[in-house]
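Input: a single structure, listed below in C-alpha cells.
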Amino acid sequence: MTMVRIPPPALPVRDRRAARALSPMLTRLAEERATGVLVREHGVLRLAEGRVVHAESPLAPGLDVLLTAHGTLAATAWQRAAARAPDPAHAAALLLRSGVLPTGALELCHLDALYDAGYFALAPSGTPGRFRYEAGPPPGPLPSVPVVALERETLRRRLLLHRLWPDPAADSAPLLRTGPGRAPGAPVTPRQRAVLARVDGVRTAADIARDLGRQAFHTLVDVRRLTAAGWIAPVRTGPAPPPAPPPRPVRTDPDIALLKRLRDALEAL
C-alpha cells in the first residue's frame, strides 16, 4: 500500500509591509526622519525626527479632557498652560517642566491621547494628506512613538472593532437606544451603563467619549458591544423622500358628462 504524505497547511505569514500601508506618506516621512505636521482628513500627527510626538482629532477627546475630566489636573491649571503655549503639545511640556503633575501621570495621559487620536487620524480617507515641514527640537521631554508602532496599534484596534460588530455605522452616527438587548440575561457593565445613559438620539460616540472624559476608542468598544447586543443602534440618516405628486384634477369635459347621461337613460329603458 502506498502512503501519501499530505504536507500540513502553511502557517499564515504576516506581511510586515501591510502594517506600514496605512499612510505611504507617513512611512516616507518616518524614513527620512522628518519634523513637522501631517494633516489628514480626520486628524493631525506631529512628527519630530520621524517619530510621532503628538496627535489630535476632532473625533477624540484631547489631552486636556483626559487630564481634567477626573480630577487629575485642575481645569484652571491647564488653561494657564494653554494660554502660554502655541499648542497642546507644548502646553503639556510646560506642565511637565513646572512640576504641576507627576511625570508618570502626564506621560500616561499623553500616550493615551496620542494613540487615541492617532487611530482616527490614520482612518481611511478620500483626500490626500498634507505635510508641513518645521524646524526645531521636539516639544519638551514628552515621550514619542515610532510610526510603525502607531500603525500596528491602529490595525489591531480596527480588527478588534470588526470582531465585536462589523458594521461601523455606529462609530460616527447619532446613537438611539432601542430597548432591552437581544440577550436579556447578558450583563451590562458599569462602563456600558454610563454610555447607555447618554444615548439620546443626538449624541455620537465621540460626543459621549468627550462627555465622559474617556478615550474615544474605548467608547467605541462599548458602543459596538451594545450594538451587537441590541441595546442601541445608529440613527440612519438618508435623503428625504420625494414629495408626493399633486392630485390630478378631475376632468369635467361636457362631452363626457353628456355621454354619461345618455348611458344612464339607456339603462333605464
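The values are calculated or read from the model by the stated rules, or taken from the named source; none is laboratory data. Bear in mind the structure is a predicted one, so any value in this text is a computation, not a measurement. Please note: Cβ atoms are built from the backbone with ideal geometry, for glycine as well, and neighbour counts cover all protein chains shown.
Pairs linking a residue in segment 102-118 that is outside the structural domain of PRO88 (by TED's automatic domain parsing) and touching a residue at least 12 places away in the same chain (Cβ under 8 Å) to a residue that is in a helix (DSSP H, G or I) and crowded, with 21+ Cβ neighbours inside 10 Å, with Cβ atoms under 7 Å and 6 or more positions apart or on different chains, do not occur.
Might you let me know whether segment 152-159 holds any residue that is among the hydroxyl-bearing types (Ser, Thr, Tyr) and either farther than 21 Å from LEU45 by Cα or outside any helix (DSSP H, G or I) (or both)? Reasoning before the result, please.
Here is the first cut: in segment 152-159, the residues among the hydroxyl-bearing types (Ser, Thr, Tyr) are 154.
With the extra rule that they be either farther than 21 Å from LEU45 by Cα or outside any helix (DSSP H, G or I) (or both), the set shrinks to none.
Looking for residues that are among the hydroxyl-bearing types (Ser, Thr, Tyr) and either farther than 21 Å from LEU45 by Cα or outside any helix (DSSP H, G or I) (or both), one finds none in segment 152-159, hence no.
All of LEU106, LEU142 fail the test of being assigned to a loop (DSSP other than H, G, I, E, B), modelled with pLDDT under 95, of a type in the set (A, V, I, L, M, F, W, C) and in contact with a Leu (Cβ under 9 Å, 6 or more places away or on another chain), apart from LEU142. Being without any contact (Cβ under 8 Å) to a residue 40 or more places away in the chain and not in a loop (DSSP other than H, G, I, E, B) is the filter here, so list the residues in segment 69-89 that pass it. Across segment 69-89, the qualifying residues are ALA75, THR76, ALA77, TRP78, GLN79, ARG80, ALA81, ALA82, ALA83, PRO88. Exactly one residue among ALA123, ALA93 is part of a loop (DSSP other than H, G, I, E, B), in contact (Cβ under 8 Å) with a residue 24 or more places away in the chain, under 25 Å from GLY50 (Cα atoms) and among the small types (Gly, Ala, Ser), and that residue is ALA123.
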